[in-house]
Amino acid sequence: MDIEKGEGNGPLSQAGYTSATVVSTAANYIMDKPEPFTHTFRTYIRLRESGKLNFKLWHSNAVDSTWNLGQEATGSELGGEWLIEAAYIADGGVEVNGAVQEQTQVAVLFDGSTMRKVRPGESFWSDEIAMELPEGHLMVFTWTLTTRSSGRTIPYNVEGILVSAYDAAGNLAAQESADSFALSDNLLVLPSFIGYKKQVNKKLVFLGDSITQGVRTLKDEYEYWVARIAAGLGADYGVWNIGSGWARAYDASADGVWLNKAKQGDEVVIVLGVNDIDIGNRSTEELLSDLTVIISKLREANDEVKIILGTVPPFNFQDEREHTWRSVNSEILSNNLAGVNRVFDIAGLLSLPAPHDHRIKPEYMSNKDDPHPNGKAGKAIADAFLNWY
């Protein structure tokens with residue numbers, strides 16, 4: 001989305017750039033190592049368009065949302081000090097194998113330099129990079145990062161990985177082959193925003209948790225609902241997915257780095273509440289209050305923003321949590337929350353018929369024990385959203 005170079009929590013507008021991918025790069029974890037390290041990370045991404053493209057990368061050195069109970073990472077926790085040794089974009093071809101196409105790597109520069117020292121909590125832009133990507137080919141982003149100290153340093157995303165990624169010890173960013181690289185597991189280390197120069201009709205931001213991120217859907221298939229909506233809308237609509245696994249509404253209502261990302265949108269789709277009700281153990285009043293704060297903060301930043309609020313998806317809650325889920329959704333559906341333009345009933349699409357509507361339809365579960373929506377559910381949600389939108 002349109003973001004400008006800024007310190008800490010305040011990226012401003014940089015005209016002409018929109019997200020090049022529907023992959024969420026929100027950070028919900030932070031590296032915590034007993035000693036300094038140098039490591040290379042390589043990720044394969046399907047872009048929204050191909051051809052001759054101009055890119056700019058933006059990064060926020062902070063955690064977006066809380067993981068688990070907060071011992072490992074909390075929303076708006078600042079990253080530490082670290083160094084970008086080198087970074088490249090390249091043509092990854094059509095086959096994911098840990099390598100890049102020969103002689104296609106283009107160096108990412110920061111104020112003309114291949115290296116960039118990153119300060120705690122800092123946000124910054126890269127220089128513009130040009131690359132031509134053939135139709136159907138994946139883009140590969142590779143960077144080598146070095147920490148100067150032990151402890152908590154680099155924010156990243158630890159939730160079930162949705163794209164193929166590889167990593168290796170040492171400074172291997174410039175290496176084209178897959179030698180020494182191993183397939184990554186639950187380790188998505190990317191810039192916060194991979195943008196490309198594109199004028200769009202509207203900039204949509206999807207703010208949510210793992211259900212918005214697309215967790216538990218098939219790797220590299222882009223079958224989650226936000227990806228399918230983006231495909232249906234086409235590239236004239238900018239789509240920035242900042243869904244973050246295990247995120248909750250109170251992470252966003254704190255008005256930190258995560259919500260600042262959402263403030264960049266012309267239209268914001270909010271689907272939050274599952275983790276507030278579950279691990280957060282929030283009451284109906286607390287969750288509705290957090291949603292109200294999120295909406296008001298978005299409107300303070302842009303009084304013309306359009307806000308779509310989703311109902312809380314079913315997550316097979318029981319007892320007191322089921323009661324909270326029902327009462328929150330009843331309030332959302334009554335459209336009593338000030339500042340909401342439209343309500344999208346995502347819960348109604350996924351739920352069993354009443355009185356079992358607190359449970360997700362079994363055919364939509366990612367497995368028999370996990371109520372995260374699968375790719376089939378993603379299609380149902382996207383089809384309904386596009387028809388409704």
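The values are calculated or read from the model by the stated rules, or taken from the named source; none is laboratory data. Here the structure is a predicted model, which is why all the values come from computation and not from measurement. A quick note on method: Cβ atoms are made from the backbone with ideal geometry, for glycine too, and the neighbour counts reach across all protein chains shown. Quick note on the areas: whole protein, heavy atoms, side chains included, nothing else; ligands and nucleic acids left out. Shrake-Rupley method; radii C 1.70, N 1.55, O 1.52, S 1.80 Å.
Quick look at the values:
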item	result
Contact order relative to length of the stretch 17-193, as percent, for alpha carbon pairs under 8 angstrom and 6 or more apart	37
Cross-link partners of K197 among lysines (Cα-Cα below 29 Å; sequence separation of 8 or more within a chain)	K5, K52, K56, K117, K219, K261, K263, K297, K306, K379
For the stretch 216-343, accessible area per residue (1.4 Å probe, heavy atoms of protein chains only), Å²	36
Average Cα contact separation per residue, the stretch 200-388, under 8 Å, 6 or more apart, as relative contact order %	25
Under Karplus coefficients 6.51, -1.76 and 1.60, residue-wise ³J(HN,Hα) of the stretch 105-115 in Hz, glycine/proline x	5, 10, 5, 8, 10, 10, 6, x, 10, 6, 10
Reported label for calculated semi-axes √(5λ) of the Cα gyration tensor in Å given (i) 33, 22, 21; (ii) 39, 22, 19; (iii) 36, 22, 20	(i)
Rough spin-label spacing in nm, given labels placed 7 Å along Cα→Cβ, for T38 and S150	2.1
Nonlocal amide H pairs with K202, under 5 Å, H built at 1.01 Å	G238
Förster radius 30 Å - calculated FRET efficiency between Q101 and K219, Cβ distance, rounded to 0.05	0.90
Accessible surface, per residue, of the stretch 17-193 when the full set of protein chains is kept, probe 1.4 Å, Å²	37
Peptides ranked, highest mean first, by Cβ atoms within 10 Å: ranges 266-275, 294-303, 22-31	22-31, 266-275, 294-303
DSSP-loop trypsin sites (Lys or Arg not before Pro) across the stretch 88-180, with at most 12 other Cβ within 10 angstrom	R148
The chain: relative contact order in percent, alpha carbon pairs under 8 Å with at least 6 residues between	19
³J(HN,Hα), Karplus 6.51/-1.76/1.60, whole Hz, each residue of the stretch 232-239, x for Gly, Pro	x, 6, x, 6, 6, 10, x, 10
Percent carbon-and-sulfur accessible area, the chain, ignoring ligands, DNA and RNA, probe 1.4 Å	45
Among 328-335, 73-80, the order from most to least packed when residues are scored by Cβ within 10 Å on average	73-80, 328-335
Difference of contour (0.36 nm per residue) and Cα-Cα distance, H323 to D236	27.2 nm
Estimated distance in nm for a label pair at E304 and E132, the labels positioned 7 Å out from Cα along Cα-to-Cβ	3.7
